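Quick notes on the structure that follows.
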Amino acid sequence: MAHPHPFFLLLLALLGFAGNAGAASAYTPALAKAHAEFLKLKVSSGNTLAQQVLRQQPDNAAAILVANYGDFLTLCVQQDAKAYNKLLETQEKRLAILSKISPQNAWTDFARAELRMQIGVSKLLFGNRLSAAWDIHKAYQQYTANARRYPNFAPNKKTLGMMQVLIGSIPDRYRWFLDIIGMRGSVTQGMASLRAAATQAHPFQQEAQLLYALLQQLLDRQKDKEALQLVEQLTQQQPDNLLFRFVAMHLYKKTAKSPLALHHFEQRPRGGTYLSFPYLHHMAADLYLYRGDYDRSVQENKLFLDRHKGEHYLKAANFKLYLAYLLDNHRPQALWYYKQISETGKADIEEDKYAARFVEKQQQPNLSLLKARLYSDGGYYRQALQVLDSMHTASAPFETRAEHLYRRARAYHGLDEAEQAIKLYKNTISFIGTSNFYFAPNAALQLGYIYQEAGQPEQAKHYYHRAMSYEGHEYKNSIDAKAKLALSTL
């Protein structure tokens, strides 16, 4: 937010805050400035502005909530275990203050839910899963109660909508647990709530827009363009917003548009006023690896490892350094980073788990397939096909032939040559049979996307269900979740 929100004088009329919030808890222009700084990841200046408000209004629930952004974003972005206890304790103290504010109103109840959620996410990042689950469950209860009490309070729809989507997309085999603890979601209802929050003027509208774009891209491949346009609009409005640049990088990377993702990396705002964000270097290292710029990929991942204070992505970064050196024919350096994969970090997130499994298998990659995969991941589909066309696979091992089929399918899919992609995806499924390589379930998932985009919902449903029917492969959870999300849109 380059300027304070333009609609402060309209808030009472538009959202009914006068009746709901009360004089003690109001989102003021001063808070808007602090909130805007936090969203830019200018945490130090945001803290200064928020504390100025809190000194004058210590019982302002909106001020307490905005002040919490500094600690929450610092933990999420930097993941520094040394800072965790102190920052979490401060968040919990704020929640305790909120619980004592009387009378209750839309702002106090919303702030309680948001802080409880942010505390839960903070704990989850640092492996405290049981306590995190309890906090997230309590937050969800508060959001749903808020929806009944204050149906026109738009900020509540932002996080409630997100939670409804995520809970509604959880694979069926876990739903018994959600039923026991009373958490039920609906992708359709959640996206409707989130859409309402994204299209109404309120202090958290831009956050709702970011969440809506992220989930829209995840839910419906046909909405990629719409999601990217929304994020581009936000970055153009605020080119100095580092959080918006990160989301743009993420979406372009997920949609295999590496050149555009790199553009946002190179145009990102920099300087000491911004929170250090080492993960951006890890993302950029992937993007350079995709296009075959191995020196730059190495440089960015080394910057990440030098600056990152958390335990996530360490295995993944060492794995990508291994790949970059291997592909650049620097085998001694590649071997050194290969050894580091087992010796650093945790295998909690998918990237790190993949790196750990790679070492456990003790297999050397087929360099041609590796290059083809990286080119495709970056959206360089012609280059991927050139590599694949140069391979001779008649006498190759079974897994090599299976992956070769699958990689060709992905490349043609990326080039929008649907007929050829369908043929190759189906050949992949048939060739793999009952083997537990992930190529078959992911081929089924991709077929579902193609048929859905072609307006053939029954065929799409068939392949989404087929994708979820495979057991024992390494991407079971993520492929099942994507298929379940896609089914919810049909």
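A short reminder: the numbers here are calculations on the coordinates, not readings from a lab. Predicted, not measured: the structure shown is a model, and the values here were computed from it. Cβ sites come from the backbone with ideal geometry, for glycine too, and all protein chains shown count toward neighbours.
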Taking the alpha-carbon distance from residue 93 and a cut-off under 16 Å, which lysines remain once sequence neighbours fewer than 8 residues away in the same chain are dropped? 123
Across all directions of projection, what mean area in square nanometres is found for the Cα convex hull of the range 246-313? 4.6 nm²
Restricting to DSSP H runs of at least four residues, report the calculated mean residue ellipticity at 222 nm for the chain, -39500 (n - 2.57) per run over all residues, nearest 500 deg cm²/dmol. -23500 deg cm²/dmol
Take the alpha carbon atoms of the range 463-490, find their center, do the same for the range 90-136, and report the distance between the two centers in whole angstrom. 32 Å
Near-label residues of the range 313-347 by backbone N, under 18 Å of a point 7 Å along Cα→Cβ of residue 81: 313-318, 340-347
Quick one: Kirkwood hydrodynamic radius for the range 83-141, alpha-carbon pairs, angstrom, one decimal? 11.6 Å
Can you give the translational diffusion coefficient of the chain in µm²/s, computed by Stokes-Einstein from the Kirkwood radius over Cα pairs at 37 °C and 0.692 mPa s? 136 µm²/s
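Apply 1/(1 + (r/R0)^6) to the Cβ-Cβ distance of residue 124 and residue 59, taking R0 = 41 Å, and write down the FRET efficiency to the nearest 0.05.
Efficiency for this residue pair is about 0.90.
How much length is gained on full extension from residue 342 to residue 276, taking 0.36 nm per residue of separation minus their Cα-Cα distance?
My answer for the length gained is 21.1 nm.
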To the nearest Å, what is the center-to-center distance of the range 242-282 and the range 47-67, using C-alpha atoms only? 30 Å
Rounded to 10°, Cα long-axis angle of helix 439-453 versus longest principal axis of the chain: 60 degrees
How high is the relative contact order of the range 389-490, in percent, with contacts defined as C-alpha pairs under 8 Å that are six or more residues apart? 20 percent
Which of the pairs 254/426; 40/138; 254/482 have their Cα atoms more than 18 Å apart in this structure? 254/426; 40/138
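State, as an integer percentage, the relative contact order of the range 223-368 based on alpha-carbon contacts under 8 Å between residues 6 or more apart.
This gives 15 percent for the range 223-368.
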Tell me the Rg and the Dmax, in Å, that the Cα atoms of the range 338-437 produce. 15.0, 45
Where the centre of each part is set by its Cα atoms, how far does the range 139-153 sit from the range 345-378, in angstrom? 43 Å
